[in-house]
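Colleague: Below is one structure. I have some questions about it.
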Amino acid sequence: GESVGLHLPTLSVQEGDNSIINCAYSNSASDYFIWYKQESGKGPQFIIDIRSNMDKRQGQRVTVLLNKTVKHLSLQIAATQPGDSAVYFCAENRNGNNAGNMLTFGGGTRLMVKP
Amino acid sequence: KAGVTQTPRYLIKTRGQQVTLSCSPISGHRSVSWYQQTPGQGLQFLFEYFSETQRNKGNFPGRFSGRQFSNSRSEMNVSTLELGDSALYLCASSLASGSGYTFGSGTRLTVV
């Protein structure tokens, strides 16, 4: 079946460097994508989202890029800080059968920031 | 404003028992979704409610059920608990279905 997946389970970066977390999706009809950050013992925290009519969206220190041609999503974190250490999930919003929606999550990437 | 509130935070139950988890969405949010998170399966969609109606259900057995009240608060119930139901159960709310999902901190259920 179709799924949302992440390429790397663990990413280790030096403090101050930029981080790039990648995600592949397979449902070409998906029109909304979200990146979440999850710290230990907490629920997923919204980072940034993007709709399919956009290629790029920027937030504070974060940028999401969407390449619909190859169905690829990436999250870029500038000047990575120790507080960025967490598991990052991409999620694809899919239309359900009854006009509702549901999020399909990738497996997650653990980002480790070395001081 | 207050975020999504899930109660209880932790729960220990015995196999065969049933459990009810509660979720209070952000004020004004009408869509509530539930997810199960386990190390092996990751985050999986359980069901979505909007205006007291279940609109979608994930691939879970009938032991998993839920409901939404007129004030948008939602509960999920798991009957005849199995060891494999041990997981973090997460609730997410949004103003309108299809955008801006905010998650609660979850309920950690342990079945022994």
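The values are calculated or read from the model by the stated rules, or taken from the named source; none is laboratory data. Nothing here was measured: the structure is a model prediction, and the numbers come from that model. Cβ atoms come from the backbone with ideal geometry, glycine included; neighbour counts cover every protein chain shown.
Colleague: Out of the residues in region B:57-66 that are free of Cβ contacts under 8 Å to residues at least 24 places away in the same chain and buried (at least 16 other Cβ atoms within 10 Å of the Cβ), state the one that is farthest from the other protein chains (Cβ to nearest Cβ).
Modeller: My answer is B:65.
Colleague: Inside region B:77-91, can you point out the residues that are more than 7 Å from every other protein chain (Cβ to nearest Cβ), of a type in the set (A, V, I, L, M, F, W, C) and crowded, with 17+ Cβ neighbours inside 10 Å?
Modeller: B:78, B:81, B:87, B:88, B:91
Colleague: Please determine, by comparing only the residues of region B:92-105 that are in contact with a Gly (Cβ under 7 Å, 6 or more places away or on another chain) and at the interface with chain A (Cβ under 8 Å from one of its Cβ atoms), which one is nearest to residue A:48 (Cα to Cα).
Modeller: If we take residues in region B:92-105 being in contact with a Gly (Cβ under 7 Å, 6 or more places away or on another chain) and at the interface with chain A (Cβ under 8 Å from one of its Cβ atoms), then B:102 is nearest to residue A:48 (Cα to Cα).
Colleague: Do we have any residue at all in region A:35-52 that's more than 28 Å from residue B:89 (Cα to Cα) and surrounded by fewer than 20 Cβ atoms within 10 Å (Cβ to Cβ)?
Modeller: Taking every residue of region A:35-52 in turn, at least one turns out to be more than 28 Å from residue B:89 (Cα to Cα) and surrounded by fewer than 20 Cβ atoms within 10 Å (Cβ to Cβ).
Residues checked against (1) at pLDDT 95 or above; (2) touching a strand residue (DSSP E or B) at 6+ places or on another chain (Cβ under 9 Å):
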{"position": "B:4", "(1), (2)": "yes, yes"}
{"position": "B:7", "(1), (2)": "yes, yes"}
{"position": "B:12", "(1), (2)": "yes, yes"}
{"position": "B:34", "(1), (2)": "yes, yes"}
{"position": "B:40", "(1), (2)": "no, no"}
{"position": "B:43", "(1), (2)": "no, yes"}
{"position": "B:50", "(1), (2)": "no, yes"}
{"position": "B:54", "(1), (2)": "no, yes"}
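Colleague: Let me ask you something else. Between a residue in region A:15-29 that is on the phi > 0 side of the Ramachandran plot and any residue that is small (Gly, Ala, Ser), which pairs come within a Cβ distance under 6 Å, given they are 6 or more apart or on different chains?
Modeller: Going by the 6 Å Cβ cut-off, the qualifying pairs are A:16/A:79.
Colleague: Next question, about the same structure. Checking residue B:54 against (1) closer than 17 Å to residue B:5 by Cα; (2) within 14 Å of another protein chain (Cβ to nearest Cβ); (3) surrounded by fewer than 20 Cβ atoms within 10 Å (Cβ to Cβ): exactly one of these is not met. Which one?
Modeller: The one condition residue B:54 does not meet is (1).
Colleague: Restricting to region B:6-22, and then to whatever is assigned to a strand (DSSP E or B) and within 11 Å of chain A (Cβ to nearest Cβ), can you tell me which residue is nearest to residue B:84 (Cα to Cα)?
Modeller: Filtering region B:6-22 for residues that are assigned to a strand (DSSP E or B) and within 11 Å of chain A (Cβ to nearest Cβ), the one nearest to residue B:84 (Cα to Cα) comes out as B:10.
Colleague: Among the residues of region A:50-77 satisfying the criterion of being of a type in the set (D, E, K, R) and modelled with pLDDT under 95, which is farthest from residue A:91 (Cα to Cα)?
Modeller: A:68
Colleague: For region A:46-68, which positions are within 14 Å of another protein chain (Cβ to nearest Cβ) and in contact (Cβ under 8 Å) with a residue 40 or more places away in the chain?
Modeller: Hit for region A:46-68 is A:47, nothing else.
Colleague: Check region A:18-26 and report whether any residue there is among the hydroxyl-bearing types (Ser, Thr, Tyr) and assigned to a strand (DSSP E or B).
Modeller: yes
Colleague: Which one of A:3, A:30, A:26, A:19 is modelled with pLDDT of 95 or more and in contact with a strand residue (DSSP E or B) (Cβ under 8 Å, 6 or more places away or on another chain)?
Modeller: Result of the check over A:3, A:30, A:26, A:19: A:19.
Colleague: For residue B:48, are the conditions met, namely being at the interface with chain A (Cβ under 9 Å from one of its Cβ atoms) and of a type in the set (Asp, Glu)?
Modeller: When the stated conditions are applied, residue B:48 passes them.
Colleague: Which condition from (1) touching a residue at least 40 places away in the same chain (Cβ under 8 Å); (2) in contact with a His (Cβ under 9 Å, 6 or more places away or on another chain); (3) buried (at least 16 other Cβ atoms within 10 Å of the Cβ) is the one that residue B:111 breaks?
Modeller: (2)
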